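This report refers to the structure that appears directly beneath it.
Derivation of every value follows stated rules applied to the coordinates shown; laboratory data play no part. What you are looking at is a predicted structure, and each value in this text was computed from that prediction instead of being measured. In this analysis, Cβ positions are derived from the backbone assuming ideal geometry, glycine residues included, and neighbour counts consider all displayed protein chains.
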Amino acid sequence: TGPLSVTEFASKVGKSTADILKFFFNQGLMMNQNMMLSEEQMGELALEFGFDFKKEESLTKENIFEQLQVADKPEDLVDRAPIVTIMGHVDHGKTTLLDSMRNADVAASEAGGITQAIGAYQVVHSSGKKITFIDTPGHEAFTEMRSRGANATDIVILIVAADDGVMPQTEEAIDHAKMAEVPIIVFVNKCDKPGADPEKVKVELMNYGLVAEEYGGDIPFILGSAKEKQGLEELQETILFISEIKDYRANPNKFASGVVLEAHLDKSRGPVASILVQSGTLEMRDMVVAGGAFGAIKNMENENHKKVLKAEPSRPVVIFGLNSVPNAGDKFIVMNDEKMARQIAEAQIDKKRAAEQQSKQAFTLDQIKNHI
Ligand code: GDP
Ligand code: MG
């Protein structure tokens, strides 16, 4: 089958025609449902909606339509690690909690104690099961990522310091977690401190609709101390219990897609991106498009800076080889055609530029109004 019209494409990928038309409209492109999609537009849609490409053959202009793998068959799906985001008020212990679980010490090395980047780590529980943790730099970043369609969280851990109680950013975190419609686990931290009042935290959180099991609700509350490593086992078991019920799965047997968690330019190593694979398997030399950046993966490392050759679903990795620095929250896909990858990346840059231009114009109009 050759090129597809908007309507044909929409039905193939299980989207509405309106979704597709809206995507182009937002780029200032008026399409109608009978128009034929170019390969480049198909690639852009794949990036936007996170469709993956099959791995078997090489991608060509002729077969891109068949190569696009939209719906996974149930038999293709295998268990994946739950992806857990830790949220809470500043200094309530997010980074310390992560450090304790992976026996590292990021909190102490952070400038000013404020998390600089989204760190993502995989922890192996004593049962051998894995859990992926994401330490957000801020709640806005979390929701911003979600608003861009990158749902990179299965479970939220709301951390509240027992000596401080519910604070403004705790409230924010609750709002963001509720909007995400994911299970919430409350970790009442710093229970080791004199003056800690975990029961007060439980009562306070009832006002926000987070009711502990002993009060007739269904929110797991775990009392512990990130610093003294108390409650960590119970926390991990609770995560794995939820994970078993929810049965998180993904198809590892296709090109990878996922989301950029953090990226920066390293003086000696060039663009470095910390990414989360959500579907498929990422491998060395794969051709990645991430927002406006593209390139073949030259090197891949895990959270301990150890070289890895593959990254399966739910695995966070650091990748090297992109031609520029993508933005946090950008989605990525893998396709084995460099020319197409370049075209799609360039289209993303144009899109961003157009959006910036538009907001600049809006600003100028405002300024004009203010001067009248
Ligand atoms: P974040 O801003 O939420 O990432 O908080 P951090 O993990 O950076 O912790 C803020 C401060 O609280 C640091 O000085 C930690 O050592 C301290 N802290 C974190 N967890 C605990 C705990 O369980 N008990 C005590 N006593 N201090 C803690
Ligand atoms: Mg932190």
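Counting every pair of alpha carbons in the stretch 151-203, the share spaced more than 16 Å apart comes to 43 percent. Scale the Cα Rg of the stretch 306-358 by the rule-of-thumb value 2.2 N^0.38 Å and send over the ratio, two decimals. Taking the Cα Rg and dividing by 2.2 N^0.38 Å, one obtains 1.38.
Here the peptides 268-274, 327-333 are ranked by packing, the mean other Cβ count within 10 Å, and the order with the highest first is 327-333, 268-274. Neighbours of residue 200, meaning other residues whose beta-carbon lies under 12 angstrom from its beta-carbon, give a summed charge of -4 when Lys and Arg score +1 and Asp and Glu score -1. Computed from label points 7 Å out along Cα-Cβ, the spacing between residue 264 and residue 304 is 2.3 nm.
Report note on the peptides 48-54, 226-232: ranked by the mean count of other C-beta atoms within 10 Å, highest first, their order is 48-54, 226-232. The length gained by stretching the chain between residue 346 and residue 283 to full extension, at 0.36 nm per residue less their Cα-Cα distance, is 20.4 nm.
Remark: for residue pairs 254/310; 306/339; 55/310; 178/246; 298/351; 190/229, the C-alpha separation exceeds 19 Å in 306/339; 298/351. Volume per residue for the stretch 247-291 equals 88 cubic angstrom (convex hull of Cα atoms).
Applying 1/(1 + (r/R0)^6) with r as the Cβ-Cβ distance of residue 324 and residue 211 and R0 = 41 angstrom yields a FRET efficiency of 0.30. If the chain linking residue 90 and residue 179 were pulled fully straight, counting 0.36 nm for each residue of separation and taking away their Cα-Cα distance, it would gain 30.0 nm. Modelled spin-label separation between residue 234 and residue 357, with each label point placed 7 Å from Cα along the Cα-to-Cβ direction: 5.8 nm.
Placing a pseudo-label 7 Å from each Cα along the Cα-to-Cβ vector at residue 296 and residue 171 gives an inter-label distance of 5.4 nm. Over 22 Å, how big is the tail of the calculated P(r) for the stretch 185-283, in percent of all Cα pairs? So the portion of pairs separated by more than 22 Å is 56 percent.
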